[in-house]
Each structure stands twice: as structure tokens, then as C-alpha cells.
Amino acid sequence: MTMNDPRDALMIGRTIKTTGITVLRAEPSKGQDWWVCRCPCGREFVAHGWDVRHGRTRDCGGHGKQPEDVAEQSQRNISQEEEATSEEPEFLAWFDGACEPLNPGGTASFGVMVKDNDGAVLLKEHGLVGKGSAMSNNVAEYAGVLHILKYLSSRPPGRVTIHGDSNLVINQLNGRWRIKKGLYLSIAIETKELLAYLRGLGWQINFCWIPREQNEECDALSKKTASSASRSRPYSHRG
């Protein structure tokens, strides 16, 4: 099994102090960031990593299975997933954005990177979003995601996990948070529309939050653009 999230190795064997839940292994048949966990009652159950990490899943709810039942089902699901996706290319992507020296109102820029399943870098770029009162960190972050999606639109459909350290962007694109009023509204809508279009073509696109220290390369790329903004051509977005 390929682990797409850099936190995956750290999750396995971890016991959440506030709930007593222990993470045993990934459950890829459910999608990115789903885990087989052991409840304090001894039963095993499947839960989403975000809920486990933040204490929203507190126990199995009395619906857990005995370990051997979960193991057998997990193996069947893995085999089915491998058969179904063996021909699909897999990608990993990262984005970051900055708005300096003021947020909002400064110079907004982004940095992005895309790798294939073998770790080869396919895309490593940075760009200027714009300057002035309409710019913000969130606008810059969304510009990074949009740049990745436009790159993917030129390739045959496959699977991709897009990583970023913006809670707002990741949670909005995962559907957990609503997109509200703000400077980023128009570019967020454009990003959601392109995301829906790509998924309609067959793309499997997941978004995963990572800590800032695991996103240093794209952070540096985005700030590199800001430092040379006077020589850069703005990256335009609708609205």
C-alpha cells in the first residue's frame, strides 16, 4: 500500500490521549485518510483520520467488529481497489501562498509542485497573483490549487492527493467548511468549478492538510515570487 500523506507513518500505532483510540492501519478502500482503529472496548472500527486526530470520534459506538472480521474485509477491499486502479496514474501535489508585506493588501504569490508516483518532479513553479487591496493569503493559496488543477487538466485522468497547510482551503475543498464572503470568493468558486469538471472526467482528487514545516519547499517558492514581483507577470484569475 502506498502512503500519500506524510503523516501516515506517524499515525500507525498512535493512541489518542483524549479518547484512548489506537490507530492500527490505513483502510484505503474508504479513501484517503481513513483508518482501522481499536476502541478502548477492544473492538476495531473504521474512522476518518481528521475525526480521530481531533477527538471527534470518541469510540466505536458499539458497532465495532472483532479484529479478524475487520482484517478479512480490509484484505478484500484492498484487492478490489488494486484491481480497479492498477491502470490509473497516481500523483502527489503541494501548494502554498503568501501575501506580503501586508495581508490583505500586499503582493500575493503562490508556489506549487507536482510529482508522479515514482517521485519524479513534473511541475515546480511559482507565480504572481497580483498586488493591492484585492489580494490576500487566501487568494494566493487558492491560486496555487487552481494552477495545479489546470496542469492536471492537460493530462489523462488519474488519482492525485493535493497537500497544503491552509486549513481554510483544504477544509473548504473537502466540503467540511462553507465558502463565504471574502476576497478569495471568486477564485474559490472558479477552483470548485474546475475541480467538479475534472472529477466528471474521471479524476480522483483528494485534499490533505499538512503542517507548515512539511510544506517548506512550496513556501519558499511562493516567497521567491514575491521578492521578484517587479519582474514577474501577474497570474490572472476570473473575477
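Please treat every number below as a calculation from the coordinates, not as lab data. Note that the structure is predicted; figures quoted are calculated from it, not measured. Note that each Cβ is placed from the backbone with ideal geometry, even for glycine, and that neighbours are counted across all protein chains shown.
Using modelled amide H (1.01 Å from N, peptide plane; none on Pro or chain starts), what sits under 5 Å from the amide H of residue 57, excluding residues fewer than 5 places away?
Correct list: 52.
Out of the chymotrypsin sites (Phe, Trp or Tyr not before Pro) in the stretch 137-235, which ones are loop residues according to DSSP with at most 16 other C-beta atoms within 10 Å? Write down the numbers at each step before the final one.
Numbers: sites: 142, 151, 177, 184, 197, 203, 207, 209, 235; in loops: 177, 184, 203, 235.
Filter output for the stretch 137-235: 177.
DSSP beta bridges in the stretch 90-231, what fraction antiparallel, as a percent rounded to 5? Show your work: numbers first, answer last.
Values: 19 of 30 bridges.
Restricted to the stretch 90-231, the bridges split so that about 65 percent are antiparallel.
Taking amide H positions as placed in the peptide plane 1.01 Å from N, state which residues far from residue 96 in sequence (5 or more) or on other chains have amide H under 5 Å from it.
Under 5 Å from the amide H of residue 96: 111.
Enumerate by residue number the trypsin sites (Lys or Arg not before Pro) in the stretch 143-214 meeting two conditions: DSSP loop (anything except H, G, I, E, B), and at most 13 other Cβ atoms within 10 Å of the site's Cβ. Show your work: numbers first, answer last.
Details: sites: 150, 159, 176, 178, 180, 181, 192, 199, 212; in loops: 176, 178, 180, 181.
When the trypsin sites (Lys or Arg not before Pro) of the stretch 143-214 are filtered for loop state and at most 13 Cβ neighbours within 10 Å, 176, 178, 180, 181 remain.
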